[in-house]
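Reading through the structure tokens given below for one structure.
Just so it is clear, none of the values below were taken in a lab; they were calculated from the coordinates. Since the model is a prediction, treat every value here as computed from it, not as a measurement. Counting neighbours? That spans all protein chains shown, and the Cβs are built from the backbone with ideal geometry, glycine included.
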């Protein structure tokens, strides 16, 4: 295996007394697309800014594109593209100006992709940056980041403010660069249905701490919602499964979300508690899992 | 090749795609030896992560549905993994049991349940035509 593109160990950042990022350790491998999830204020943006060397960590270590972002050579820096949440370009720039300015910075600049994205994102006649809509501005910044042919794309809420068509085009493009150029991508988004189509890895953070990192497909295969039409004690279910959430209703039903569902194990549980025919097991999509897990970590 | 992915169901994409490809093989849509798209092509067509496509192909290979030839791509296996009939029957027995339980619980008779199976069998075979 090649070296991970991002590797953090015990990465921390405190603002005064408050720990915004708390001992965060995770990795991103080449060609992988990682969805960085967390509720507002979980520490996503702070982490991304440390990965880019825009913010000093108060603890731990971080390696991105083969070096510490604070000691990056120009070459290392050019291998990483970043779209921040409130990125801006000079107001006088038209799309063509922004493209030719960026082109002069990056030796690997992909001119044909720039042309095709101008079309796909309908930016040909968008006028000057200061007069663009919020969505157009966003698309412009994404275009510039994608055309750098970077080895790593770090994107903070890239799809916020984009309409459905633009989001689909964006998702397709991310898959294409990951596929063709083996680009790695770290992106945060609250639009989980978009992420579900794109990412292969999920990292979930809450209160600055990593709750879990996993392959999305493995997560979907093992997290299930279990609905049993019988009252079951929490400890009885916890003997078999690790529980994300658990509740029983007054009329004798049990609803639980488990982390490590397994058919054979559930069969044994059902026979032991005589409730196999009274149970329904459901898959959960990313959004439902996210809500259940974040609701119950505290 | 048309494959439908339901993102809202939460069912792993790998399961969904593997199931549909197996159906295409069983129904004769895909003949032994035919070539599947490249990982890149498949990822582009279905708009899913290339890593996921790699895992789909590995799973299909593991189940004996396809063979991966180095440098050439993925092909439908010439002889579909046909274990002994006893073993095959053992594999599907748990599914058969839960099907029977569901059917009986809903008031169907033995014959009615078998009739449902026969109809489904005809549907799968009809895909071929």
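Figure the gain on full extension for residue A:85 and residue A:160 (residue separation times 0.36 nm, minus the Cα-Cα span) and round it to one decimal in nm. Provide the component values of the computation, followed by the final result.
Values: separation 75, 0.36 × 75 = 27.00 nm, distance 0.86 nm.
Computed gain between residue A:85 and residue A:160 is 26.1 nm.
Kirkwood radius, segment B:13-76, all distinct C-alpha pairs, inverse of mean reciprocal distance: 11.7 Å. Panel note: the C-alpha atoms of segment A:89-203, placed on their principal axes, show extents of 38, 30, 20 Å (largest first). On the principal axes of its alpha-carbon atoms, segment A:48-94 has extents of 40, 24, 12 Å, going from largest to smallest.
Note on segment B:85-128: the alpha carbon radius of gyration divided by the globular reference 2.2 N^0.38 Å gives 1.30.
Based on every Cα atom in segment A:150-298, Rg and the maximum pairwise Cα distance Dmax equal 18.6, 57 Å.
How big is D for chain B, in µm² s⁻¹ as a whole number, if Stokes-Einstein is applied with the Kirkwood radius of its Cα pairs at 25 °C and 0.890 mPa s? My calculation gives 147 µm²/s for D. Estimated purely from DSSP H runs of n ≥ 4, each contributing -39500 (n - 2.57), the mean residue ellipticity at 222 nm for chain A is -10500 deg cm²/dmol once divided by its residues. For segment A:22-128, taking Cα atoms only, Rg and Dmax work out to 16.6, 47 Å respectively. Peptides A:256-262, A:74-80, A:32-38, A:185-191 ordered by packing proxy, namely the average of other Cβ atoms within 10 Å per residue, highest first: A:32-38, A:185-191, A:256-262, A:74-80. Residues considered: B:70, B:15, B:62. Largest GNM mean-square fluctuation over chain B, using C-alpha springs under 10 Å, is found at B:70. Placing a pseudo-label 7 Å from each Cα along the Cα-to-Cβ vector at residue B:115 and residue A:122 gives an inter-label distance of 5.4 nm. Relative protection proxy for A:110-121, A:196-207, A:169-180, from highest mean packing down: A:196-207, A:169-180, A:110-121 (other beta-carbon atoms within 10 angstrom). Taken residue by residue and averaged, Cβ atoms of other chains lying within 10 Å of the Cβ of B:9-16 number 6. In angstrom, the C-alpha Rg and Dmax of segment A:1-85 are 12.6, 39. With each label modelled as a point 7 angstrom along the Cα→C-beta vector, the residue B:6-residue B:91 pair spans 2.4 nm. Computed over the Cα atoms of chain A, pair by distinct pair, the Kirkwood hydrodynamic radius stands at 21.1 angstrom. The distance between label points at residue A:74 and residue B:122 comes to 7.5 nm (points 7 Å beyond Cα on the Cα→Cβ vector). Relative protection proxy for A:273-284, B:46-57, from highest mean packing down: B:46-57, A:273-284 (other beta-carbon atoms within 10 angstrom). The stretch between residue B:45 and residue B:101 holds 16.2 nm of extra length on full extension. This uses 0.36 nm per residue minus the Cα-Cα distance. The calculated pair-distance distribution of segment A:223-295 uses every alpha carbon pair, bins of 5 angstrom beginning at 0, and gives 3, 17, 31, 28, 15, 6, 1 percent. Taking every DSSP helix (H) stretch of at least 4 residues in chain B, weighting each as -39,500 (n - 2.57) and dividing the sum by the residue count yields a mean residue ellipticity at 222 nm of -18500 deg cm²/dmol.
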